[in-house]
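Beneath this line is the structure, given in structure tokens, with notes to follow.
The values are calculated or read from the model by the stated rules, or taken from the named source; none is laboratory data. Being a predicted model, the structure only gives us computed values, none of them experimental. Cβ sites come from the backbone with ideal geometry, for glycine too, and all protein chains shown count toward neighbours.
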Amino acid sequence: MIIRAEDVELETESDNPLTFRRMVRRDRHGPLISLTWIRLEGRHGRIVCHESDRVYYIIDGTAEFEIGDRPVEAVGAGDVVFLPRGTPYAFEGSVTYLVMNGPAFRPGSDILVD
């Protein structure tokens, strides 16, 4: 199966300054993995997901991640951020990235912790 970006709806989120395309999704492709293309301009609030591990792959731009109690770390193009389920995190920047969830992301599974 080939999924073309231009065939996937561009969405926004009211709580965070981002636009995204849900490329591989639970309701269409199964429960094991999901992949979303995202563009963030600003700060993404602190959240935790107890259902999925997450991998962020930075396509371009830069961001700063606050992961658990660790010091803030900067990331850029080509970097990968791994977030085990149950790890609270926040980040901010001007960045384009892919986020993969295993098992697949379920809307409503992110819990705001700020």
Residues 53, 27, 60: which one is within 14 Å of residue 96 (Cβ to Cβ) and of a type in the set (Asp, Glu)?
60
Which of the residues belonging to the stretch 69-114 are surrounded by fewer than 12 Cβ atoms within 10 Å (Cβ to Cβ) and in contact with a Pro (Cβ under 8 Å, 6 or more places away or on another chain)?
113
When the stretch 1-21 is checked residue by residue, the ones that are charged (D, E, K, R) and surrounded by 10 or more Cβ atoms within 10 Å (Cβ to Cβ) are 11, 13, 15, 21
Somewhere in the stretch 16-38, is a residue in contact with a Cys (Cβ under 9 Å, 6 or more places away or on another chain), under 22 Å from residue 111 (Cβ atoms) and either acidic (Asp, Glu) or part of a loop (DSSP other than H, G, I, E, B) (or both)?
no
Within the stretch 48-58, does at least one residue satisfy the condition of being of a type outside the set (Lys, Arg) and on the phi > 0 side of the Ramachandran plot?
no
Could you give me the residue pairs with C-beta distances under 9 Å whose first residue belongs to the stretch 1-20 and is free of Cβ contacts under 8 Å to residues at least 24 places away in the same chain, whose second residue is in a loop (DSSP other than H, G, I, E, B) wherever it lies, and which are 6+ apart or on separate chains?
19/10; 20/10
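Conditions tested, residue by residue: (1) farther than 24 Å from residue 10 by Cα; (2) in contact (Cβ under 8 Å) with a residue 12 or more places away in the chain; (3) part of a loop (DSSP other than H, G, I, E, B); (4) not basic (Lys, Arg).
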| position | (1), (2), (3), (4) |
| --- | --- |
| 43 | no, yes, no, no |
| 55 | no, yes, no, yes |
| 60 | no, yes, no, yes |
| 78 | no, yes, yes, yes |
| 85 | yes, yes, yes, no |
| 91 | no, yes, no, yes |
| 99 | no, yes, no, yes |
Of all residues making up the stretch 22-42, the number that are surrounded by 15 or more Cβ atoms within 10 Å (Cβ to Cβ) and more than 11 Å from the chain's Cα centre (by Cα):
6
Just give me the residues in the stretch 37-67 being of a type in the set (Gly, Ala, Ser) and in contact with a Pro (Cβ under 6 Å, 6 or more places away or on another chain), in sequence order.
42, 52
Can you find a residue in the stretch 48-66 that is modelled with pLDDT under 95, surrounded by 12 or more Cβ atoms within 10 Å (Cβ to Cβ) and within 22 Å of residue 106 (Cα to Cα)?
no
Failed criterion for residue 66 (all others in (1) farther than 20 Å from residue 37 by Cα; (2) part of a strand (DSSP E or B); (3) in contact with a His (Cβ under 8 Å, 6 or more places away or on another chain); (4) not aliphatic (A, V, I, L, M) hold):
(3)
